Amino acid sequence: MRALDPRLLRRTSSARPLLAVDTALGIGTALAVLVQASLLARIVARAFDGVPLDALGLDFALLVLAFAARGAFAWGMEIAGRRAAWSVLSELRLALIEKRLLTRAVATDDAGGAEIATAAVQGIEGLEGYFARYLPQVVLASVVPFLVIAWVAFVDLEAAVIMLLTLPLVPVFMWLIGLYTKERTDERWQALRQLSTHFLDVVRGLPTLRAFGRAHDQGAVIGAVSDRYRKATMETLRVSFLSGSVLELAATLGVGLVAVTAGVRLVEGGLGLQAGLTVIVLAPELYLPFRRLGAEYHASADGLAVAERMFALLDAEGAAAPGGPRLAPSPAHATVRFEQVSFSYPARSGRVLDGLDLELLPGETVALVGESGAGKSTVAALLLGLLEPTAGRISVGGIPLSNCQMDAWRREIAWVPQHPTLFRATVADNIRLGDPSASKQMVSEAAARAGADDFISALPDGYATIVGDGGRGLSPGERRRIGLARAFLRDAALVILDEPTADLDRQSVALVAGAVRRLQAGRTMLVIAHRPELVQSADRVVRLIDGVAITEDARRAA
């Protein structure tokens, strides 16, 4: 990625006023530098000529104003940069989250949750230095040196020529060091990505690891991954320190050459005192913006490395069905059909579904069974419009689902996942996800039909009990019944259940199975199931084998 990448600026509308403000302030800073150097040289030259101190009062006052103006311009650039950086970071995070939630609600690529979280938090945070400090410094490096050379050319043409010849040394060194820095920062980001992903996998699988007595073994693996990240970070810091020394050396040589040349001519009488002092005072200002630019580049290099991956995530094609203008018929009266539907995940070889034909008749309950990884959850995601078929089509009443409005279609569906998410809110508010406008009586009736009223009433605050993160913990069976209560409250024509009784004890299975049978009445239902309690209550059983649907007898399948 280039240090000043148009893609990053195009995606951040807040960066455009930032550049306009910083450009104006940068020009003001450059002019203040010229005025400051000229006044300082004038004061010293007039003092050597014997001008009394009181006669220099106006020059001193202007010099103080020049110093104050330069400080004010620098402060303004810092404030404008930081304010714009905060809005830019929010804009990028929102774009990344919207992209993953709206068009990739189901992960079909190799980007795991840990990588996306790292990019959205620490990665984008690294771009603060880019927008708050690096871009303003780019403006100064683009304005100050050329104004300095132009002013010096007006004062002394020979010194301006020397400055013009020595100035490219610093950008050349910056370019060479930047190439090496990019490799190191890319390695550091990959190490951080691996660390985040592995750590999240370990946390998710910790119950299983503890059950098999392998939890402590992962400590050494995490230590090795962490050590790789530590080494990559130290390598990046080493390059940063060495590059700072190289840039300082190049700038010092340039300043020394200009100062020595001007000093020799000043001694020989070929250059006036005021002109010579102006050249000598402006010589460090010529290289200062580039020196600071090199330092700020290293400070923002992490953000630039992550931005490359972020663009890949933002520019990736959506996996969700985009939808169309038509309203889909209600599944209560229209048949839902999968017609030669195929689907494959980009991150996996082979097809998950291969020419699938499946039919859901109005009011029918279909049990979808098959081995793990056979594509049962993929069928549910396709039906929800969270994925788009790679071949074939899904139709409702003969109308292709791809031509229908997805939001309106999803309002016809109630989905109960295998692990219903509980947000930090009251039990009643979590049930109201099925219908945010539902009254207390409607919530309690839905909970009673889902078999959840008894355990909810036994909670410390009943329906007002806080659950979710940091709240009251619920068992897997209780969470499933909360999910079923949402489905009852939604009262949708089509219900999709994904393994509603998986990993539950016998008593919880009986409660959930009873709630599912009550939910079946008058609805079209697709049940992804293994338990015989659910399979036996289905009107038809469809088994997925190698991505193909095979209809079986319900009793034999159970």
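The values are calculated or read from the model by the stated rules, or taken from the named source; none is laboratory data. This is a predicted model, so every value here is computed, not measured. Using ideal geometry, Cβ is built from the backbone for each residue, glycine included, and neighbour counts are taken over all protein chains shown.
Couple of notes before you dig in:
- V535 vs. criteria modelled with pLDDT of 80 or more, within 15 Å of V366 (Cα to Cα) and either touching a Lys or Arg at 6+ places or on another chain (Cβ under 6 Å) or of a type outside the set (D, E) (or both): no
- Residue check for W409: part of a strand (DSSP E or B) and at pLDDT below 90: no
- Verdict on R472 being at pLDDT 85 or above and among the basic types (K, R): no
- Residues that are modelled with pLDDT under 70 and hydrophobic (A, V, I, L, M, F, W, C) were ranked within region 213-249; the one that is nearest to L169 (Cα to Cα) is L247.
- Residues considered: G363, G373. Of these, the only one that is touching a residue at least 40 places away in the same chain (Cβ under 8 Å), in the same structural domain as S402 (by TED's automatic domain parsing) and part of a loop (DSSP other than H, G, I, E, B) is G363.
- Unique residue being under 20 Å from D546 (Cβ atoms), exposed (fewer than 15 other Cβ atoms within 10 Å of the Cβ) and not acidic (D, E) when the list is A374, A391, A367, A381: A391
- Region 126-177, residues that are of a type in the set (D, E), buried (at least 18 other Cβ atoms within 10 Å of the Cβ) and either at pLDDT 80 or above or within 12 Å of Y287 (Cα to Cα) (or both): D156
- Residues (modelled with pLDDT of 85 or more and of a type in the set (K, R)) located in region 43-93: R70
- Region 483-506 - residue that is buried (at least 24 other Cβ atoms within 10 Å of the Cβ) and closer than 12 Å to H419 by Cβ and, of those, nearest to the chain's Cα centre (by Cα): G483
- Filtered by the rule that a residue be touching an Asp or Glu at 6+ places or on another chain (Cβ under 8 Å) and more than 19 Å from I528 (Cα to Cα), region 346-368 gives P346, A347.
- Search result, residues across region 41-56 that are within 20 Å of V281 (Cβ to Cβ) and assigned to a helix (DSSP H, G or I): A41, R42, I43, V44, A45, R46, A47, F48, L56
- For region 326-367, the tally of residues that are under 35 Å from the mean Cα position of the chain (by Cα) and among the small types (G, A, S) stands at 6.
- Residues (modelled with pLDDT of 85 or more and closer than 25 Å to A332 by Cβ) located in region 388-401: P389, G392, R393, I394, S395, V396, G397, G398, I399, P400, L401
- For V427, the conditions (1) over 27 Å from I528 (Cα atoms); (2) touching a Ser or Thr at 6+ places or on another chain (Cβ under 7 Å) all hold with the exception of (1).
- Region 409-442, residues that are hydroxyl-bearing (S, T, Y) and under 29 Å from the mean Cα position of the chain (by Cα): T421
- Which numbered condition L102 misses (of (1) surrounded by fewer than 18 Cβ atoms within 10 Å (Cβ to Cβ); (2) at pLDDT 75 or above): (2)
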